[in-house]
Amino acid sequence: MKILLVHQLYGSSAPSGENTAFEAETELLSGHGHHVSVFTCHNDELIRRGRIGMLWAALASPWNPFAVRRLRKRILETGPDILHVHNTFPILSPAVYYAARKTETATVLTLHNYRLFCAAGIPLRNQIPCTECLDEKSVLPALRYGCYRGSRPATLPPAAMIALHRGLGTWRSQVDAFIALTPFQREKMLQAGLSRERVHVKSHVMPEPFPPVIPWERRCSRMVFIGRLSVEKGARTLLDAWRLWGKDAPGLLIIGDGPERGGLEADVHRAGLGRRIRFAGYLSTADVMAELARSRLLVLPSLSFEGFPMTVREAFSAGVPVAASRLGALPDIVREGRTGLLFRPGSPEDLRHTLARIWHHPELPLMAQRVRREAVRLFAPAVQHRRLMDIYTAAIRTRRQRR
């Protein structure tokens, strides 16, 4: 099969789960003998241009005719069976789907977030989930609250993008198949207006070989947090739980960087938790996997709806159970009592109680064995390739019916 993959790459200054997913899927398809080509642009180009780059992004995000023209030329020259899009924000724009108009190329979109209907991409306001724009099928709440980067002017371009393509019927007429990462996300996007028969569910692939599972007794007696240190990831809830736990708290390794890091480190110092909590900062992918594999539990205290966190895929493949917020898609991914634990989001008390209950329990090493088996069942390349081919076949069938 001839497949053209499209992605607006996120900035290289911080790790991106979407970039990782795009690269893994490119490798998956190439490894199974498909003819794969890519059409990409990079956010680093915008950053280098400074204010001019920001202005161009604002103007291009609703509709970029230059991207459409370049992609249309590629499609007509190469004749792909599938145009599979991952991210178009802010430069490529959803206009790229029109590049395949009146061709036999079927179009597929992976929903890594909620940006089709949510200007911020993450349905979160004042540290609690907010789905007003999805529920009301309107961008007015986003403009009223200034949801994108806390600014009404900054929210205007993504809001215009959403309103324009809702009005044009882009998602109804130009995309043949959508890939939601979890059943929860699928339901939310259906409620927002996508067609039920065209929204499929497929999680991420984990490239082989899977990492070796370190025996339980050889692991560090610690938990680990991996992610951007920003409000929606809930790291402050995690630190508050350790403060409540006191002298009996286990070690905690925090991997990642972000705007909240300075304040969090200061809080740890003031609370006298420096010997129990260590900030590792940004690490390479290989180092993240090594530190994760040596840990006994991954903690995911998210305050917002996640798509499908790459860290969960990595933890399962390394045989590390997951404790996650009982929020959004996470209960779809983490099976309580089987592959991990769930706790009330934003509650340090419930988080501390949940973790303390399992930390020395003999069930935790058994969970570690189960999560590795779950990783093979869910994320193995052969499994993911079969699922992706089923979705591509459905997209091609839909495209033929349209024509």
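General observations
- For the stretch 328-337, a residue qualifies if it is outside any helix (DSSP H, G or I) and within 23 Å of the chain's Cα centre (by Cα), and the qualifying residues are Gly328, Ala329, Val334, Arg335, Glu336.
- Subset of the stretch 19-36 that is β-branched (Val, Ile, Thr) and assigned to a helix (DSSP H, G or I) - its residue that is nearest to the chain's Cα centre (by Cα): Thr20
- Every condition in (1) in a helix (DSSP H, G or I); (2) in the same structural domain as Ala293 (by TED's automatic domain parsing) is met by Val320 except one, and the failing one is (1).
- Selection count where residues are over 28 Å from Ser230 (Cβ atoms) and among the small types (Gly, Ala, Ser), scope the stretch 82-141: 4
- Matching residues in the stretch 182-215 - criterion: being modelled with pLDDT of 95 or more, within 30 Å of Leu252 (Cβ to Cβ) and surrounded by fewer than 16 Cβ atoms within 10 Å (Cβ to Cβ): Pro215
- Glu136 surrounded by fewer than 19 Cβ atoms within 10 Å (Cβ to Cβ), of a type in the set (Asp, Glu) and either touching a strand residue (DSSP E or B) at 6+ places or on another chain (Cβ under 8 Å) or assigned by TED's automatic domain parsing to the domain that holds Asn19 (or both): no
- Options Ile226, Ile179, Ile162: the member that is in the same structural domain as Glu23 (by TED's automatic domain parsing) and buried (at least 18 other Cβ atoms within 10 Å of the Cβ): Ile179
- Answer residue from the stretch 241-256, given it is surrounded by fewer than 20 Cβ atoms within 10 Å (Cβ to Cβ) and more than 22 Å from the chain's Cα centre (by Cα) and is nearest to Glu349 (Cα to Cα) among those: Leu244
Yes or no, residue by residue, for (1) under 30 Å from Arg149 (Cα atoms); (2) modelled with pLDDT of 95 or more; (3) in contact with a strand residue (DSSP E or B) (Cβ under 7 Å, 6 or more places away or on another chain):
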| position | (1), (2), (3) |
| --- | --- |
| Ala241 | yes, yes, no |
| Asp248 | no, no, no |
| Ile277 | yes, yes, yes |
| Leu297 | no, yes, yes |
| Val322 | yes, yes, yes |
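The values are calculated or read from the model by the stated rules, or taken from the named source; none is laboratory data. Note that the coordinates shown come from a computational prediction; the quantities given were computed from them, not determined experimentally. Reconstructed Cβ throughout: ideal geometry from the backbone, glycine too, with neighbour counts over all protein chains shown.
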